[in-house]
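Undergrad: Take a look at this one; I'll ask things after.
The values are calculated or read from the model by the stated rules, or taken from the named source; none is laboratory data. Model, not experiment: these values are computed from the prediction. Glycine also receives a Cβ, built like all others from the backbone with ideal geometry; neighbour counts cover every protein chain displayed. For accessibility, only protein heavy atoms count, side chains too; no ligands or nucleic acids. Shrake-Rupley method; radii C 1.70, N 1.55, O 1.52, S 1.80 Å.
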Amino acid sequence: MSDKSMIICRCEEVTYEELIETAEKHKCSARELKLRTRAGMGYCGGRTCRNMVESIPRQYLPNKEQLGLVTLKYQPPIRPVHFGDLGGDET
Amino acid sequence: MSQRIKYHPLLEDYKDGKNITFIFNSEEYIGIEGDTIASALLVNGIRTLRYHEETGTPHGLYCNIGQCFECRVNVNHQQGVRACITPIEDGMVIKSQDVLPTPVKDWREKHDK
């Protein structure tokens, strides 16, 4: 298995190749890379792949300081919550 | 044949515990009290805990500290229970989560990736 096909985002099964291809082609920030490939949007909320998704675009960014500093948001709910826990009958 | 590591150079020796029977995908397995679902299944040689909701590839234990949710299983009709931190109880009915019936149409080809 070449390192290219290594899975970076396990929840959405996004490979390293997809990430570097998208980052290279669009010269985008980490946020845009996440929006384009869904890496970091999975069930675990980015716990596994956040750092990698943030660091990959930096090498392709023209002006290092500006876009490279935008980090990914922590989207609520921080941990998956059952609707049952928020009230309503327990099925 | 149980794959439980009984004698470990660092950890204290294995003390026999109360047997607990539980059901995983309608088959009965035996674990020891204090086992988590993931470790009890691992002892019984089962590593695949769920299948990816979209692609169906097998997933199992990864972080084992309750962070990555890779080991989520359906316990007594409760979705998304983390197998790595949930201790087994007698008569627990565990089912592995499977591909979702309505797959997301892969939007990647249409969108300029």
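Undergrad: 7 Å from Cα along Cα→Cβ at both B:E33 and A:F83: what's the point-to-point distance in nm?
TA: 3.8 nm
Undergrad: Here's something else I'd like to know. Interface A/B, total buried accessible area with a 1.4 Å probe, nearest 100 Å²? Could the numbers behind the result be given before it?
TA: Details: alone 6570 and 8020 Å², together 12830 Å².
Summed over both sides, the interface buries about 1800 Å².
Undergrad: What's the magnitude of the charge dipole for chain B around its Cα centre, counting Lys and Arg as +1 and Asp and Glu as -1 at the beta-carbon? Answer in Debye, nearest 20.
TA: Working: 13 positive and 16 negative charges, 57 e Å.
That gives chain B a dipole magnitude of about 280 debye.
Undergrad: Something else about it: Would you work out the charge dipole size for segment A:3-87 about its Cα centre, treating the Cβ of every Lys and Arg as +1 and the Cβ of every Asp and Glu as -1, and quote it to the nearest 20 debye? Numbers along the way, then the final one.
TA: Numbers: 14 positive and 11 negative charges, 48 e Å.
With only Lys, Arg, Asp and Glu charged at Cβ, the dipole is about 220 debye.
Undergrad: Out of B:V81, A:G88, A:G46, whose Cα points farthest toward the positive end of the dipole of the protein assembly as shown (charges: +1 Lys, Arg; -1 Asp, Glu; placed on Cβ)?
TA: The Cα lying farthest towards the positive end belongs to A:G46.
Undergrad: Continuing with the same structure: Would you work out the relative contact order for chain B, in percent, from Cα pairs under 8 angstrom that are 6 or more residues apart?
TA: Value for chain B: 27 percent.
Undergrad: Other chains' Cβ within 10 Å of B:62-72 residues: what's the mean?
TA: That average works out to 4.
Undergrad: Stretched out fully, how many nm does the piece from B:K6 to B:V99 gain, at 0.36 nm a residue minus the Cα gap?
TA: Numbers: separation 93, 0.36 × 93 = 33.48 nm, distance 3.60 nm.
Gain on extension, B:K6 to B:V99, equals 29.9 nm.
Undergrad: Same structure, new question: Nothing charged except the Cβ atoms of Lys and Arg (+1) and of Asp and Glu (-1): what's the magnitude of the dipole of the protein assembly as shown about its Cα centre? Round to the nearest 20 debye. If you can, show how the numbers build up before the last one.
TA: Details: 27 positive and 29 negative charges, 176 e Å.
In total the dipole reaches around 840 debye.
Undergrad: Of A:M6, A:L69, A:C28, which is farthest along the charge dipole of segment A:3-87 in the positive direction, counting Lys and Arg as +1 and Asp and Glu as -1 at C-beta?
TA: Among A:M6, A:L69, A:C28, the one farthest towards the positive end of the dipole of segment A:3-87 is A:L69.
Undergrad: Working out 0.36 nm times the residue gap between B:D90 and B:Q78, then minus their Cα-Cα distance, what length gain in nm do you get to one decimal? The partial results should precede the final answer.
TA: Values: separation 12, 0.36 × 12 = 4.32 nm, distance 1.63 nm.
Working it through step by step, the gained length comes to 2.7 nm.
Undergrad: Ok, one more. Using Cα pairs closer than 8 Å and at least 6 residues apart in sequence, work out the relative contact order for chain A, in percent.
TA: On the way: 116 pairs, mean separation 23.4, N = 91.
Over chain A, the number comes to 26 percent.
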